[in-house]
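The values are calculated or read from the model by the stated rules, or taken from the named source; none is laboratory data. Computed from a predicted structure; not experimentally measured. A quick note on method: Cβ atoms are made from the backbone with ideal geometry, for glycine too, and the neighbour counts reach across all protein chains shown. Protein only, heavy atoms only, side chains kept; ligands, DNA and RNA dropped before computing areas. Shrake-Rupley method; radii C 1.70, N 1.55, O 1.52, S 1.80 Å.
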Amino acid sequence: MYEAYYHLQAKPFQLSPDPRFFYSSKGHRRAMAHLVYGVHQGEGFIVITGDIGAGKTMLACTLAGKLASGNLVLAQVVNTQLMADDMVRTVAAAFGLPHDSSKAVLLNRMEQFLLLCHRQGKRALLIVDEAQNLPAASVEELRMLSNYVSATKPLLQTFLLGQPEFRKTLQSPEMEQLRQRVIASCHLGPLDSTETEAYIVHRLQTVGWQRDPSFSKDAFAAIHQFTGGIPRKINVLCDRLLLLGRLEELHAFTAKEVAEVMEELPQHAPVNLGVSLDRGR
């Protein structure tokens, strides 16, 4: 709705992860370096944790894009509230395999598929999102899948993406065997105020922003204050801010407009920034 008004090529603050919009903050650069190292090892588990909306899935998708080639077979599991047998079926389905068979048949089918990938010079990579919801038995199934090898070469590598509580889960006694197979891990924290401003500018410039609309320094500061530097919250707020701008034909945003938008977002309580929200209507 507002893209044409501001001469933008696309929506800059969409919620779905798109590697085009990846912003390499200090924390993301450090996380990416750890992940690239881990992936190049070609085995085991890589763990990414962070708060809701911190950019875990974006990080994994961006890394997968960097690795994209004819020799990478990528699958993703997003529904993790699954019992052990259902987890095996879900992984098989994610790799495009028939999954309406017994567990024994599925495991054999998975092994044959992974061996075929290996013979064809391909690598199998599994991304499991919302790992904090995994029952212990389902985690064990994922660990067992990592046992498949050809000679001494592992056939499957897995990313586990989860909220901070997943780090506590990994420390439990029953996760000892899995912990021994984690070859790289990282935690994504929020953006600081400088990074929040740079993140917003980066996403806008990606879609052809020419400084219309403009953002004042206090607008950037208010956005950081309201969102805590969480990328998904920034996206929600800025999307609504641009919509407000289109509806009211604004070409400059200050903390006043940010505060007005915040009052309309149901997940946030109004915050007093010392500005009046009476726009004279």
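Taking the criterion of being aliphatic (A, V, I, L, M) and either closer than 30 Å to Gly55 by Cα or in contact (Cβ under 8 Å) with a residue 12 or more places away in the chain (or both), the residues of the stretch 113-125 that qualify are Leu114, Leu115, Ala124, Leu125.
Among the conditions (1) out of contact with any Phe, Trp or Tyr (no Cβ under 9 Å at 6 or more places or on another chain); (2) within 26 Å of Met58 (Cα to Cα); (3) not β-branched (Val, Ile, Thr), Glu248 misses just one, which is (2).
Residues in the stretch 213-228: is at least one farther than 26 Å from Pro164 by Cα, polar (S, T, N, Q), without any contact (Cβ under 8 Å) to a residue 24 or more places away in the chain and surrounded by fewer than 16 Cβ atoms within 10 Å (Cβ to Cβ)? Scanning the stretch 213-228 turns up no residue that is farther than 26 Å from Pro164 by Cα, polar (S, T, N, Q), without any contact (Cβ under 8 Å) to a residue 24 or more places away in the chain and surrounded by fewer than 16 Cβ atoms within 10 Å (Cβ to Cβ). Scanning the stretch 70-96 for residues that are open to solvent by less than 30 Å² (accessible area, probe 1.4 Å) and assigned to a loop (DSSP other than H, G, I, E, B), we see that the one that is modelled with the lowest pLDDT is Thr80. Look at (1) crowded, with 17+ Cβ neighbours inside 10 Å; (2) at pLDDT 90 or above; (3) under 29 Å from Lys168 (Cα atoms) and you find that Ala31 fails only one, number (2).
The requirement of being in contact with a Cys (Cβ under 6 Å, 6 or more places away or on another chain), touching a residue at least 40 places away in the same chain (Cβ under 8 Å), of a type outside the set (A, V, I, L, M) and farther than 28 Å from Leu241 by Cα is fulfilled somewhere in the stretch 29-50, by at least one residue. Scanning the stretch 194-212 for residues that are loosely packed, with under 14 Cβ neighbours inside 10 Å and not charged (D, E, K, R) gives Thr194, Gln205, Gly208, Gln210.
Quick grid of which residues meet (1) crowded, with 18+ Cβ neighbours inside 10 Å; (2) touching a helix residue (DSSP H, G or I) at 6+ places or on another chain (Cβ under 6 Å); (3) touching a residue at least 12 places away in the same chain (Cβ under 8 Å); (4) hydrophobic (A, V, I, L, M, F, W, C):
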site: Glu111; (1), (2), (3), (4): no, no, yes, no
site: Ile127; (1), (2), (3), (4): yes, yes, yes, yes
site: Pro135; (1), (2), (3), (4): no, no, yes, no
site: Ser146; (1), (2), (3), (4): yes, no, yes, no
site: Ser150; (1), (2), (3), (4): no, yes, yes, no
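The numbered conditions (1) of a type outside the set (Lys, Arg); (2) open to solvent by less than 40 Å² (accessible area, probe 1.4 Å); (3) over 23 Å from Ser150 (Cα atoms); (4) assigned to a helix (DSSP H, G or I) are all true for Gly65 except (2). For the stretch 122-130, does any single residue satisfy the condition of being farther than 26 Å from Arg179 by Cβ and either of a type outside the set (A, V, I, L, M) or assigned to a helix (DSSP H, G or I) (or both)? Yes. Out of curiosity, is Leu178 within 24 Å of the chain's Cα centre (by Cα), within 25 Å of Gln41 (Cα to Cα) and open to solvent by less than 20 Å² (accessible area, probe 1.4 Å)? When the stated conditions are applied, Leu178 passes them. Residue pairs whose Cβ atoms lie under 8 Å apart, separated by 6 or more positions or on different chains, with the first residue in the stretch 172-201 and free of Cβ contacts under 8 Å to residues at least 24 places away in the same chain and among the charged types (D, E, K, R) and the second open to solvent by 10 Å² or more (accessible area, probe 1.4 Å) and in a helix (DSSP H, G or I), are Arg179/Leu170. Could you please let me know if Leu160 is within 21 Å of Ala94 (Cβ to Cβ), open to solvent by less than 70 Å² (accessible area, probe 1.4 Å) and part of a strand (DSSP E or B)? In short, yes.
Take the stretch 203-216 and flag every residue that is out of contact with any Ser or Thr (no Cβ under 9 Å at 6 or more places or on another chain) and not in a loop (DSSP other than H, G, I, E, B). Correct list: Arg203, Leu204, Gln205, Thr206, Ser214.
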